[in-house]
Amino acid sequence: MNKKIVLRFKATLSEQPIIYRLVKDYDLMVNILKADINPRREGSMVMELTGETENFENGVKYLEEVGVVVELLSQTVIKNHELCTDCGACTVICPVGALFLERPSMEVTFDNVKCVVCGLCVQYCPMKAMEVKF
Ligand code: SF4
Ligand code: SF4
């Protein structure tokens, strides 16, 4: 199985080897999509976990036991092709390259797999072509 999750943790946990434990003890493949970690502040991380269902469940249980708040990434972003004018503004702000210009057509393409649902394109699109769906 493969799932995207959001982790939120207190400053005291930011130096804990939680990723190492997920890989070593729960045999999960971890793909960090976005991380905001500061030793003196609360941190957050968006990651994709791949592995056996039981290992995923045990890994999440471990995270919760050490004090990490775990949420499944259940939102998704869609691009309304009828509204999009291919202006390219969103390709500059997307932090993970999920929106990019196709060449030579110069059309803006949206890669839903890369998207970490940060919502920036929804905020910045002048045509309101990007939308969060729950
Ligand atoms: S900012 Fe909006 S209109 Fe411009 S390319 Fe992106 S989705 Fe299309
Ligand atoms: S929500 Fe928009 S800006 Fe954020 S990762 Fe997804 S496509 Fe990129």
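The values are calculated or read from the model by the stated rules, or taken from the named source; none is laboratory data. Computed from a predicted structure; not experimentally measured. Cβ sites come from the backbone with ideal geometry, for glycine too, and all protein chains shown count toward neighbours. We work out accessible area using only protein heavy atoms, side chains counted, and drop any ligands, DNA or RNA first. Shrake-Rupley method; radii C 1.70, N 1.55, O 1.52, S 1.80 Å.
Just for strands (runs of 3 or more DSSP E) wholly inside the stretch 1-75: which have at least 3 residues that are surrounded by 12 or more Cβ atoms within 10 Å (Cβ to Cβ) and free of Cβ contacts under 8 Å to residues at least 12 places away in the same chain?
By residue number, no strands (runs of 3 or more DSSP E) qualify.
Regarding the stretch 76-83, can at least one residue be identified that is open to solvent by less than 50 Å² (accessible area, probe 1.4 Å) and charged (D, E, K, R)?
yes
All but one of (1) near ligand 1 (Cβ under 9 Å from one of its atoms); (2) touching a helix residue (DSSP H, G or I) at 6+ places or on another chain (Cβ under 9 Å); (3) part of a loop (DSSP other than H, G, I, E, B) hold for ASP86, so report the exception by its number.
Every condition holds for ASP86 apart from (2).
Looking only at residues that are over 19 Å from LEU33 (Cβ atoms) and out of contact with any Cys (no Cβ under 7 Å at 6 or more places or on another chain) in the stretch 90-125, which one is farthest from ligand 2 (Cβ to nearest atom)?
PRO104
Return the total of residues in the stretch 89-134 being near ligand 1 (Cβ under 10 Å from one of its atoms), outside any strand (DSSP E or B) and touching a Ser or Thr at 6+ places or on another chain (Cβ under 7 Å).
1
Condition check ((1) over 29 Å from LEU49 (Cβ atoms); (2) among the hydrophobic types (A, V, I, L, M, F, W, C)) across all residues:
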site: GLU64; (1), (2): no, no
site: VAL70; (1), (2): no, yes
site: ASN80; (1), (2): yes, no
site: GLU107; (1), (2): yes, no
site: PHE110; (1), (2): no, yes
site: CYS125; (1), (2): yes, yes
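What are the pairs, 6+ residues apart or on separate chains, where a residue within the stretch 101-122 that is touching a residue at least 60 places away in the same chain (Cβ under 8 Å) and open to solvent by less than 80 Å² (accessible area, probe 1.4 Å) has its Cβ under 6 Å from a residue that is among the basic types (Lys, Arg) and within 15 Å of ligand 2 (Cβ to nearest atom)?
What qualifies is VAL116/LYS34.
Restricting to the stretch 81-134, name every residue that is under 20 Å from the mean Cα position of the chain (by Cα) and among the charged types (D, E, K, R).
Answer for the stretch 81-134, where residues must be under 20 Å from the mean Cα position of the chain (by Cα) and among the charged types (D, E, K, R): ASP111, LYS114, GLU131, LYS133.
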